[in-house]
Every structure is written in C-alpha cells, then in structure tokens.
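Written below as structure tokens is the structure these notes are about.
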Amino acid sequence: MQPLIDNARTFGQRPEEFAKLAEGQSPQVLFITCSDSRVVPALITGARPGQLFELRTAGNIVPPFASEHPTSEAATIEYAVEVLGVRDIVVCGHSHCGAVGALVRGDDLTAVPAVRDWLAHATPRPAGAVEDPAVTQGVQSHVLTQLLRLRSYPYIEKKLKERQLSLHAWFYEVHTGAVQAHDPQTDAFKAL
C-alpha cells in the first residue's frame, strides 16, 4: 500500500497538467472490462485522463436491460452513450479470468452468493475447454455475448442503426500483453 500512497502524494503536485480536466469530459470510448487488477485500460490503450469512460464489473458482464430496475452498470452505459456521446464501446475480456473460468468449469459458488448471483447474468454459460487455464475460448465467447446484450439496450440499438456508435470485442492476454479484436467477417479474434 505504501508505494501507492507515495505516488498519490506526488501525483497532485502537477496541477497544471490536470487543470483542463475540471472543464468537463468528452471521452470517445466506453471501455467495459473486468474488475481484475491485472487489466488496466489506460495502460493497455495508452489513454490519458479524459479519453476513456470505464465500466469495470466482475467478468465484464453487461446485465440485461431492465428499465424498471436499472443497475449502476446500465446507468453508466446510458450516461456514456446518451450524455457523453461516446462513438465506440469496447468490451474487453482477458485471459485467466476467474469469473469466466468459474462459469466454464461450473464451480460451486455457494460460499460467495453475491458473486454467484452476479455471474448468473452471464447466461448463456460460456463455451470453452475446462482444462484451459487461460480460458481463452470461454472468455472470447463471453465477450461476444456481452456485445449481443449491449445491442438489446434500446438507445444502443438506435445509435447503431443511425451509425452513431460502433461496438468492439477485445481479448487481452495478461501473460503476454497482446490484444486481439474480433473480426466479424471471419468470426475470429485477431491481433490489433
């Protein structure tokens, strides 16, 4: 913890670098990814403050759209699209994902009921090889399912039809740092 505290103390000693951020934000991308500490969107993309609007959830899950019982995730997505006007949404899964791995293996999660209930939003269960510690196939199929889920949000569907929004599926390898993007024409993940 101490190195983090030390950095936080010196971080605010450069106010001229951050003064413009007080005027507002206008990110072009909503980056939806896992809460996993090994996944750092700004590090992966090279984004500076104000360039990415981030949504981090266990397993980068996008919950079903439900206007009568909105979730904080749905509110974040709505704000990014309707208020900030992001032009792109990236759903980025990652190798060695504990959440997707638990789903692929069918782990018993009764000891962590909140996790179990949250992961229930990931239906259908991701396909993938149970013996693959990187859960590559499971994560990639899961990311594509989350894109389909996003398409069911009415305001996203509208923006897609109007060509004001694009959706992207990414896969980040924590053990190499490589990023792959889904190519809809070949239905395969390929290096960026």
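The values are calculated or read from the model by the stated rules, or taken from the named source; none is laboratory data. These numbers were taken from a predicted model, which means no experiment stands behind them. For neighbour counting, all protein chains shown are included, and Cβ atoms are generated from backbone atoms with ideal geometry for every residue, glycine included.
A few notes on this one:
- Residue within region 91-100 that is farther than 17 Å from Val62 by Cα, modelled with pLDDT under 95 and not polar (S, T, N, Q) present: no
- Region 120-162, residues that are modelled with pLDDT under 95, part of a helix (DSSP H, G or I) and farther than 17 Å from Cys92 by Cβ: Ala120, His121
- Region 168-183, residues that are among the polar types (S, T, N, Q), surrounded by 13 or more Cβ atoms within 10 Å (Cβ to Cβ) and in a loop (DSSP other than H, G, I, E, B): none
- Among (1) aliphatic (A, V, I, L, M); (2) within 18 Å of the chain's Cα centre (by Cα); (3) over 24 Å from Gly177 (Cα atoms) - the single one Ala111 does not satisfy: (2)
- When the residues of region 42-53 are filtered to those that are of a type outside the set (Lys, Arg) and over 19 Å from Gln180 (Cα atoms), the one that is surrounded by the fewest Cβ atoms within 10 Å (Cβ to Cβ) is Pro49.
- Considering each residue of region 145-152 in turn, at least one proves to be within 19 Å of the chain's Cα centre (by Cα), of a type in the set (Val, Ile, Thr) and within 17 Å of Pro64 (Cα to Cα).
Residue by residue, here is whether (1) surrounded by fewer than 17 Cβ atoms within 10 Å (Cβ to Cβ); (2) of a type outside the set (A, V, I, L, M, F, W, C); (3) free of Cβ contacts under 8 Å to residues at least 40 places away in the same chain holds:
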{"residue": "Val91", "(1), (2), (3)": "no, no, no"}
{"residue": "Val100", "(1), (2), (3)": "no, no, no"}
{"residue": "Leu119", "(1), (2), (3)": "no, no, no"}
{"residue": "Ser166", "(1), (2), (3)": "yes, yes, no"}
{"residue": "Gln185", "(1), (2), (3)": "yes, yes, yes"}
{"residue": "Phe189", "(1), (2), (3)": "no, no, no"}
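- Selected residue (criterion: surrounded by the most Cβ atoms within 10 Å (Cβ to Cβ)) from residues of region 54-77 that are more than 18 Å from Ala169 (Cα to Cα) and among the hydroxyl-bearing types (Ser, Thr, Tyr): Thr76
- Of the helices (runs of 4 or more DSSP H) lying entirely inside region 10-113, those containing at least 2 residues that are among the aliphatic types (A, V, I, L, M) span 41-45, 72-78, 98-105.
- Answer residue from region 128-154, given it is of a type in the set (Val, Ile, Thr) and farther than 17 Å from Arg38 by Cβ and is surrounded by the fewest Cβ atoms within 10 Å (Cβ to Cβ) among those: Val130
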